[in-house]
Amino acid sequence: MIDSISHEWEGIGGCLELAEEGRTKDGKILQGLNKWAKVKMEHRKLMQYLLQAKIHIIFCARAKELLGQNGQTITYKGIIPIQERNFSFEMLTTFYMENSGKVKLEKCQRSLANNLQLKENEFINERHGKIILNWINQGEKVNFREKELKAESTEIAMSGNVEDLKNWFLKLNKEDQLIAKSFAEDVKRTCEEYNKKIQEDSNLQGEEKVSAKDLSNLLSKQNESIKPQNQKQNIDELL
């Protein structure tokens, strides 16, 4: 059980703090989407590790109120976890605890939800835990070696470097290579997506630098056109 996963997002040294402290190579503060590129990548790496874990994990998260506004009227729309906005979608089940700990089933597989038979304003208890465990155990047997290899290759793929991925594969023994081939296309696609994202971020930073350079050149030319010697020459011509 991890209590609380919200600290990874908004705690000291968490994603929000890292995004605000982001700097370019020359020390300038990153702006807009640029400051989130590296932070989101590190967050996704963490989620990959957790999703590939060999154990069942229960995440506890702090919550905040979700408010809406219609004109001058503020409306209460419930609570949301303090975490990255897609976090809840990675979970098998998501429960919100309100009214002194009574739960509301927010997300769940339909077949599992039918088995849980969770009533409105009910406290979650040991019975619900057993139902979830039994439902999980009905699934296919997990190949843990495949999970390990997929986690390793996914981490390398997140660098966006296809050559590193190829080198990793070539270093595997023949048995592991056969296992890796079963998910090779998915990992390759992940690598290509990250490579594209890295290139886009690099281009954005490049455009910012070029724009600054162009502006500097423009100002320099304008300054040259209004030097005192040029002004004197123009006055002499008029006279």
* In region 59-85, which residues are part of a loop (DSSP other than H, G, I, E, B) and surrounded by 11 or more Cβ atoms within 10 Å (Cβ to Cβ)? -> A61, R62, I82, Q83, E84
* **Failed item in (1) touching a Leu at 6+ places or on another chain (Cβ under 8 Å); (2) β-branched (V, I, T); (3) assigned to a loop (DSSP other than H, G, I, E, B), with I12 passing the rest** => (1)
* Any chance L133 is touching a residue at least 24 places away in the same chain (Cβ under 8 Å) and exposed (fewer than 12 other Cβ atoms within 10 Å of the Cβ) -> yes
* Among Y49, Y96, which is the only one that is among the hydroxyl-bearing types (S, T, Y) and free of Cβ contacts under 8 Å to residues at least 40 places away in the same chain? -> Y96
* Asked: Looking at region 156-175, which of the residues that are part of a helix (DSSP H, G or I) and surrounded by 15 or more Cβ atoms within 10 Å (Cβ to Cβ) is farthest from the chain's Cα centre (by Cα)?
  -> F169
* Asked: Would you say Q69 is more than 30 Å from K174 (Cβ to Cβ) and of a type outside the set (A, V, I, L, M)?
  -> yes
* To do: Select from region 116-130 the residues that are farther than 19 Å from A53 by Cβ and surrounded by fewer than 15 Cβ atoms within 10 Å (Cβ to Cβ) and list them in ascending order.
  => Q117, K119, E120, N121, E122, F123, N125, E126, R127, K130
* Just a yes or no: is a residue in region 192-201 part of a loop (DSSP other than H, G, I, E, B) and of a type in the set (V, I, T)? -> no
* If you check A180, A151, which single one turns out to be at pLDDT 50 or above, in contact with a Lys or Arg (Cβ under 9 Å, 6 or more places away or on another chain) and surrounded by 14 or more Cβ atoms within 10 Å (Cβ to Cβ)? -> A180
* To do: Could you identify the single residue in L105, L112, L46 that is under 19 Å from the mean Cα position of the chain (by Cα) and surrounded by 12 or more Cβ atoms within 10 Å (Cβ to Cβ)?
  => L46
* of a type outside the set (S, T, Y), in contact (Cβ under 8 Å) with a residue 12 or more places away in the chain, closer than 20 Å to F59 by Cα and touching a strand residue (DSSP E or B) at 6+ places or on another chain (Cβ under 8 Å): does that describe L116? -> yes
* Search result, residues across region 18-41 that are in a helix (DSSP H, G or I), buried (at least 16 other Cβ atoms within 10 Å of the Cβ) and of a type outside the set (D, E, K, R) -> A19, N34, W36, A37, V39, M41
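The values are calculated or read from the model by the stated rules, or taken from the named source; none is laboratory data. What you are looking at is a predicted structure, and each value in this text was computed from that prediction instead of being measured. Note that each Cβ is placed from the backbone with ideal geometry, even for glycine, and that neighbours are counted across all protein chains shown.
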